[in-house]
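K.L.:
Can you keep this structure in mind? I'll have questions shortly.
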Amino acid sequence: MPVPSSFNDVSQDGQLRGFVGWVWYEREATLPQRWTQDLSTRVVLRIGSAHYYAIVWVNGVHVAEHEGGHLPFEADISKLVQSGPLSSCRITIAINNTLTPHTLPPGTILYRTDTSMYPNHYFVQNTNFDFFNYAGLHRPVVLYTTPTTYIDDIDVTTSVDQNTGLVHYQISIQGSEHFQLEVYLQDEEGNIVARGTGGRGQLQVPNAHLWWPYLMHEHPAYLYSLEVRLTVQTAAGSMSDFYTLPVGIRTVAVTKNQFLINGKPFYFHGVNKHEDSDIRGRGFDWPLLMKDFNLLLWLGANAFRTSHYPYAEEVMQLCDQYGIVVIDESPGVGIKLSQSYSNQSLQHHLEVMEELVRRDKNHPAVVMWSVANEPTSFLEPAGYYFKTLIAHTKALDPSRPVTFVTNSKYDTDLGAPYVDVICVNSYLSWYHDCGHLEVIQLQLATQFENWYRTYQKPIIQSEYGADAITGLHQDPPLMFSEEYQKSLLEQYHLVLDQKRKEYVVGELIWNFADFMTDQTRERVIGNKKGIFTRQRQPKGAAFLLRERYWKLANETGYHPAAEKPPYLVKSPFTW
Ligand code: GCB
């Protein structure tokens, strides 16, 4: 099985496509001698993402266990590979994709016991979310080394005082208590603009270049580099470790009716995505990722939400680099059953937020955490659950607002009192009032007014859209045609254009691209609400949104040049 990739769509085996249970990955790696013989080297095995429960062995010895997909985990395997003459290491990873009421996302296993209808031991995995439950090793698995005393973590937050950028850093070192730390901040030209020493401190950058979102400034996404150098004196001599962290100096704040980046009102005009494509499923793929970024820039999108789970780290790095603002979402999707509000579920959710914040806290592109999507937030235990979850996330990261995305009613939502920004999904003239585009304006205006009157918080239309089968045309517009998708969006835009002058601070289309789902009567080989097909070709709606997003950028941004920039994304990871 290729890694990274989902295992589901690679073979011709229909059973493997829908397989629920344990799968095993194994391979042998030969390690360089220095790794196995130099005892001042620490050898680490890092798994970018395994769905969902994973157990890892090296040379048959258990080294790690991890619950939940989408987030990385690692194991120090130095002792195992440095203990004998062997320079090879056998890596075995068992993964189980079963979802229970206490996993994230949750699910249930339904046992079909009527033997007149089903074979013995027959069961199905039920879920409450609308995407295919891809599984496997979705992101790279790597071996890397550090010295035995090493830079374990860096925590950077930024603020601005007049024209001076302030970079607060905290560095955690493992392996020794006696070390020296030097810190340099370099600008994009490689000039050192500030220096520091020690494990924590504040760097001052006079006349700082701020990190601005795409289309909000003529030089968006300005990144400094924080160079951290660790030196340790040991009996065997001196040892050093280096780390370079991109740093964007920017601030984020929320008022009653605005979302501010660097003190200026920011309007999210963007998309919701999925990590999803033909054959590789949710597997990480550079060409696909670069294509998606070219399309985002072409579209004039300045933001996306990582619906409905954390995306690959490389995605976040590109967002920093291009100024694409991110609402970073946890895999808290499909939380519907009351059991999924139990202490066991909450405890796991708190841990997932810890892992997510630890991984993504230093990305300037991330401006808000979303702890969940469309939970049954009207159920009684939801109040305590979201209060606790949001408070915990804020304690982990006091520098960013926190939300969850709701489709509950404004007057029964027990989680909404705790969010900083109301993110609301609605599918007017799609899941109800089918075909009746004429009711959208009234219903949408009512939706916004109800939420704002109740909570006095800025609102993002975090999902809206319609399925369109590419190439299907009907005029007057009928559901599933490209014309209907476009007309529905246009009706939404009329209201968004009024309310964004008041308190609506963003609109994110559902969805960037068509994506795979479970098989149901409502889905024709997946969800077709993409404005691009699954192969990333535009539907009519993509051109409509492109016009709109560039117009919005002109109104709310820095007035980009009449000529739109070339859409060829460059990245330090590509040639
Ligand atoms: C939603 C969900 C999203 C679905 C979408 C749809 O509200 O958040 O996961 O795919 O609706 O198309 O039904």
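The values are calculated or read from the model by the stated rules, or taken from the named source; none is laboratory data. As the structure is a prediction and not an experimental result, all values here were calculated from the model. Glycine gets a Cβ as well: all are built from the backbone with ideal geometry, and neighbour counts include every protein chain shown. Heavy atoms of the whole protein, side chains included, go into the accessibility calculation; ligands, DNA and RNA do not. Shrake-Rupley method; radii C 1.70, N 1.55, O 1.52, S 1.80 Å.
K.L.:
List the lysines whose alpha-carbon lies under 22 Å from that of Lys387, not counting same-chain residues fewer than 8 positions away?
P.N.:
Lys256, Lys336, Lys361, Lys409, Lys457
K.L.:
Starting from the 7 Å offset along Cα-to-Cβ, what nm value, one decimal, do you get for the label separation of Ser342 and Ala395?
P.N.:
Result for the modelled spin labels: 2.3 nm.
K.L.:
Just for the chain, what percent of DSSP beta bridges are antiparallel, to the closest 5?
P.N.:
75 percent
K.L.:
Carbon and sulfur atoms: what percent of the 1.4 Å accessible area of the chain do they account for? Can you show the working numbers first?
P.N.:
On the way: 12750 of 24680 Å².
Looking at the chain in its full context, I get 52 percent from C and S.
K.L.:
Find how many whole Å separate the alpha carbon centroid of the range 27-100 from the alpha carbon centroid of the range 375-410.
P.N.:
That distance is 35 Å.
K.L.:
Right, next: Express in nm, to one decimal, how much length is gained between Ser40 and Met117 on full extension, taking 0.36 nm for each residue of separation and deducting their alpha carbon distance. Don't skip to the end; give the middle numbers.
P.N.:
Details: separation 77, 0.36 × 77 = 27.72 nm, distance 6.20 nm.
Difference between extended and current length: 21.5 nm.
K.L.:
Once amide H atoms are placed 1.01 Å from N in the peptide plane, what residues at a sequence separation of 5 or more from Ala372, or on another chain, have their amide H within under 5 Å of its amide H?
P.N.:
Ser330, Val405
K.L.:
Another question, then. Mind listing the phi-derived Karplus ³J(HN,Hα) values for the range 387-393, rounded to whole Hz, using 6.51, -1.76 and 1.60 with θ = phi - 60°, and x for any glycine or proline?
P.N.:
Residue by residue, the range 387-393 yields 4, 5, 5, 6, 4, 5, 5 Hz.
K.L.:
With a cut-off of 8 Å between alpha carbons and a minimum separation of six or more residues, what is the relative contact order of the range 14-145 in percent?
P.N.:
Reported relative contact order: 32 percent.
K.L.:
Moving to a separate point now. Roughly speaking, what is the stretch gain from Asp187 to Ser238, that is 0.36 nm per residue apart minus the C-alpha to C-alpha distance, in nm to one decimal?
P.N.:
Gain in length upon complete extension: 15.5 nm.
K.L.:
Moving on to the next point. Ordered by packing density, taken as the mean number of other Cβ atoms within 10 Å over each peptide's residues, highest first, how do 326-336, 89-99 rank?
P.N.:
Values: 326-336: 25.1, 89-99: 19.6.
Packing proxy ranking, top to bottom: 326-336, 89-99.
K.L.:
Roughly how many Å² is the accessible area per residue of the chain, as a whole number, for a 1.4 Å probe? Don't skip to the end; give the middle numbers.
P.N.:
Values: 24680 Å² over 575 residues.
It amounts to 43 Å² per residue over the chain.
K.L.:
Count charges around Trp510 for me, please; just the other residues with Cβ under 15 Å from its Cβ, Lys/Arg as +1, Asp/Glu as -1. Let's see the in-between values first.
P.N.:
Numbers: positive: Lys273, Arg305, Lys486, Arg523, Lys528, Lys529, Arg534, Lys539; negative: Asp130, Asp276, Glu329, Glu374, Glu463, Asp467, Glu507, Asp514, Glu522.
Neighbourhood net charge equals -1.
K.L.:
Run a plain Debye calculation on the chain (Cα atoms as equal point scatterers, no solvent) and give log10 I(q)/I(0) at q = 0.06 Å⁻¹, rounded to two decimals, same order as the q list.
P.N.:
Cα-only, vacuum Debye calculation for the chain: -0.32.
K.L.:
Hey, can you rank 504-511, 385-392, 551-558 by average C-beta count inside 10 Å, highest first? Display every interim value, and only then the final one.
P.N.:
Numbers: 504-511: 25.2, 385-392: 20.2, 551-558: 17.1.
The densest-packed peptide leads the list: 504-511, 385-392, 551-558.
K.L.:
Further question on the same structure: Starting with the highest mean, order 24-37, 414-427 by the number of other Cβ atoms within 10 Å, averaged over the residues of each peptide. The partial results should precede the final answer.
P.N.:
Values: 24-37: 13.1, 414-427: 21.1.
Packing order, densest peptide first, comes out as 414-427, 24-37.
K.L.:
Enumerate the lysines that Lys528 could reach by cross-link, defined here as Cα to Cα under 18 Å, with residues fewer than 8 away along the same chain left out.
P.N.:
Lys273, Lys486, Lys539
K.L.:
Per residue of the range 353-358, in order, report the coupling 6.51 cos²θ - 1.76 cosθ + 1.60 (Karplus, θ = phi - 60°) as ³J(HN,Hα) in whole Hz, putting x for Gly and Pro.
P.N.:
Once rounded to whole Hz, the list reads 5, 4, 5, 5, 5, 4.
K.L.:
Going by accessible area, probe 1.4 Å, with all protein chains left in place, what is the ranking of Ile440, Ile109, Ile192, largest first?
P.N.:
Values: Ile440 0, Ile109 45, Ile192 75 Å².
Largest to smallest exposure gives the sequence Ile192, Ile109, Ile440.
K.L.:
Report the local net charge at Glu522: Lys and Arg +1, Asp and Glu -1, summed over other residues whose C-beta lies under 12 Å from its C-beta. Display every interim value, and only then the final one.
P.N.:
On the way: positive: Arg521, Arg523, Lys528, Lys529; negative: Asp130, Asp467, Asp518.
Summing Lys and Arg as +1 and Asp and Glu as -1 gives +1.
K.L.:
How big is the charge dipole of the chain about its Cα centre, in debye rounded to the nearest 20, if each Lys and Arg gets +1 on its Cβ and each Asp and Glu gets -1 on its Cβ?
P.N.:
Values: 46 positive and 61 negative charges, 22 e Å.
Roughly 100 debye, rounded to the nearest 20.
K.L.:
Can you give me the long-range amide H partners of Leu104? Hydrogens built in the peptide plane at 1.01 Å from N, cutoff under 5 Å, separation of 5 or more residues or another chain.
P.N.:
none
K.L.:
Which whole-Hz couplings ³J(HN,Hα) result when phi for each residue of the range 548-558 is put into the Karplus expression 6.51 cos²θ - 1.76 cosθ + 1.60, θ = phi - 60°, listed in order with x for Gly and Pro?
P.N.:
5, 5, 5, 5, 4, 5, 5, 7, 9, x, 9
K.L.:
By how many nm would the segment from Lys551 to Asp475 grow when fully extended, if each residue of separation counts as 0.36 nm and the alpha-carbon distance is taken off? Don't skip to the answer; put the middle values down first.
P.N.:
Details: separation 76, 0.36 × 76 = 27.36 nm, distance 2.63 nm.
Extra length available between Lys551 and Asp475 comes to 24.7 nm.
K.L.:
If each of Asp153 and Gln180 carries a label point 7 Å out from its Cα toward its Cβ, how far apart are those two points in nm?
P.N.:
2.7 nm
K.L.:
What number comes out for the charge environment of Gly198, summing +1 per Lys or Arg and -1 per Asp or Glu over other residues with Cβ under 15 Å away? Intermediate results must be reported in sequence, preceding the final value.
P.N.:
Values: positive: Arg195, Arg200, Arg229; negative: Asp155, Glu177, Glu182, Glu227.
Charge balance in the 15 Å sphere: -1.
K.L.:
Treat each spin label as a single point 7 Å out from the Cα along the C-beta direction, and report the Thr30 to Arg200 distance in nm.
P.N.:
Distance between label points: 4.8 nm.
K.L.:
Pop the C-beta distance of Lys409 and Thr520 into the FRET formula with R0 = 25 Å and round what comes out to the nearest 0.05. Before the final figure, lay out the partial values.
P.N.:
On the way: r = 25 Å, r/R0 = 0.99.
E between Lys409 and Thr520, to the nearest 0.05, is 0.50.
K.L.:
From the helices alone, meaning DSSP H stretches of at least four residues, give me the mean residue ellipticity at 222 nm for the chain, per-run term -39500 (n - 2.57), in deg cm²/dmol to the nearest 500.
P.N.:
Details: 10 runs with 121 residues, N = 575.
Calculated at 222 nm, the ellipticity per residue is -6500 deg cm²/dmol.
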